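Student: Quick one: the structure is below, questions incoming.
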Amino acid sequence: MKPNNITRKRHIILCFCLLLALLPSACIVQTTLPSEGSAPLALTPGTLATIAPEFYELIQALPTELAEDAGEAPILITPVALQSEIDSDAAQNTPTTSSTPTPQAEVCGRLDALTLLILGIDEHAQADAIRLARIDFSKPEINLVAIPRDFFVSVVGFETYGIQKGRINATFGYGEYFLGAGSGAEALAENLAYNFGVEIDHQFVLHLDEIARYIDAVGGVEVTLETPASDAHNYLPAGVNQFDGERAVAFMRIRQYDSDFRRIDRQTVVLKALLEKVRSDLSPAKVLSLIVALIKDDSTQSDLTLRDLQSFYCLSQQIDKQDIHVREIPSAMFHSYITSGGGWVLVPHAEVPDYIRESLTP
């Protein structure tokens, strides 16, 4: 059955507003390859966590397959939240100078900046894709950084359940399960702030199983591949590929023969193609009229306002491509670790928090 116009428009505007904030038509991309000799991050099992014995049976029974023991995995970073007292003392001892700010012209009626957390959620209620976007209307400029889903960190907010550390992507599922539906993004944002010192202003959550429907709603996307891509179930040839929703999502989630970072690249390729398809099919006036429908859609997990979405659309039409920057955390700043149970994690090094913050506000 073909989707009716209302359903089609709702799907279009939902993906459009998400992609608009992330992937305008061209981006300056800084990429880094995994370090030589590092093991591929393939076939990653359920989320790793340190769990108190009295809660282990409960966690094991979670329907979203959230956890397995990985207590021996190291944590090399000191959570930024624990540095607050040191930073506060340093700030008090640092002389300040006053200056008169240079007046700036408003862009799309705004001069502020905000940090947006964008999540792609998989069928296990884990954050399969994690991106931070700093949208600065005063410059204007957009800075994005991808957070590896397998970063192994200290976990806060779930001490009652004995969960002390685990993959950063698992904190979404913990929030949904223990704190109630709709709490996952806030839980993940809290853990990003605690570990890396990034304060989140807004969240936007998109379930990966919905992306196929969005792509089908706009008639599919065209993706050009320089080399073939494959896993045990899919083969996608080099050259121009016409992807329907199912095929596009399969391409985005290929991971078996390379790393999580190449999967991030594939996600970007598809999302850019989807954005271009949507932008070519809808006039600005129609987009703005449909934003209201997005705000009223109960299935949308976002705290963005009508003003935010309108200004994002406006900014996407005005910003220069050289002012859009997409970065990946360099491979020298983390290493892979395999647990005794065969689980894979990435252990971030001490310099990662500074790199993330500097990538968002260079």
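Student: So Gln317 clears everything in (1) touching a residue at least 60 places away in the same chain (Cβ under 8 Å); (2) in contact with a helix residue (DSSP H, G or I) (Cβ under 9 Å, 6 or more places away or on another chain); (3) not in a strand (DSSP E or B) except one condition, right? Which one?
Tutor: Going through the list (1) touching a residue at least 60 places away in the same chain (Cβ under 8 Å); (2) in contact with a helix residue (DSSP H, G or I) (Cβ under 9 Å, 6 or more places away or on another chain); (3) not in a strand (DSSP E or B), Gln317 breaks only (1).
Student: Continuing with this model, one more query. Among the residues of the range 78-131, count how many are assigned to a loop (DSSP other than H, G, I, E, B), at pLDDT 70 or above and among the β-branched types (Val, Ile, Thr).
Tutor: Number satisfying all stated conditions: 1.
Student: Of the residues Leu188, Leu179, which is within 13 Å of the chain's Cα centre (by Cα) and among the aliphatic types (A, V, I, L, M)? If you could, list the steps in order and put the result at the bottom.
Tutor: Details: Leu179 fails: within 13 Å of the chain's Cα centre (by Cα).
Being within 13 Å of the chain's Cα centre (by Cα) and among the aliphatic types (A, V, I, L, M) holds for just one of Leu188, Leu179, which is Leu188.
Student: Quick one: Leu306 ticks every box in (1) aliphatic (A, V, I, L, M); (2) over 30 Å from Glu106 (Cβ atoms); (3) more than 18 Å from the chain's Cα centre (by Cα) bar one, so which box is it?
Tutor: (2)
Student: Filter the range 141-166 down to the residues that are over 15 Å from Leu188 (Cα atoms) and crowded, with 21+ Cβ neighbours inside 10 Å and list them by number. Let's see the steps before the verdict.
Tutor: Step one: filter the range 141-166 for residues over 15 Å from Leu188 (Cα atoms), giving 141-145, 160-162.
Across the range 141-166, the qualifying residues are Ile142, Asn143, Leu144, Val145.
Student: Kindly indicate the residue of the range 222-252 that is touching an Asp or Glu at 6+ places or on another chain (Cβ under 8 Å) and part of a strand (DSSP E or B) and also surrounded by the fewest Cβ atoms within 10 Å (Cβ to Cβ) among those meeting that condition.
Tutor: Only one residue tops the list, namely Val240.
The values are calculated or read from the model by the stated rules, or taken from the named source; none is laboratory data. No experiment lies behind these values; they were computed from the predicted model shown. No Cβ is skipped: glycine too gets one built from the backbone with ideal geometry, and neighbour counts run over all protein chains shown.
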